[in-house]
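The structure under discussion appears below in the form of structure tokens.
Throughout, read-outs are computed from the coordinates displayed, never taken from laboratory work. Just so it is clear, the structure is predicted and the values come from calculations on it, not from any experiment. Don't worry about glycine lacking a Cβ; one is built from the backbone with ideal geometry, like all the others, and counts go over all protein chains shown.
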Amino acid sequence: MKSTGIVRKVDELGRIVLPIELRRVLDIAERDELEIFMENERIILQKYEPCCTFCGASNSLVSYKGKNVCQTCVRNLHHV
């Protein structure tokens, strides 16, 4: 894991500010969604990229009952 040397305080609502330099490097814009993971004692933030519930593909997604499904899996489900 690469240290940036940047330290931020958590405010009274539990928020932190991501520095503009990091947001630019990671292509994170206002209103982008971030996923939050825990690994041992670490908190990991990752830009959220929706993917297919079945195969993990991230292109040609449709939403069905709150789940993302790619066109290939939709076609495959028609044959079941």
Problem - Label selected from (i) 17.4, 53; (ii) 11.5, 35; (iii) 23.5, 62, the criterion being Rg and Dmax of the Cα atoms in Å as computed here - result: (i)
Practice task
Would you mind calculating the gained length between ILE36 and LEU22 on full extension (0.36 nm times residue separation, minus the Cα-Cα distance), in nm to one decimal?
Solution key: 3.4 nm
Fill in the blank from the handout: Excluding near-sequence neighbours (fewer than 8 apart on one chain), the chain holds lysine pairs with C-alpha atoms under 26 Å apart numbering 4
Completion exercise
The farthest towards the positive end of the charge dipole of the chain, of the residues VAL62, ILE44, HIS78, given +1 on Cβ of Lys and Arg and -1 on Cβ of Asp and Glu, is HIS78
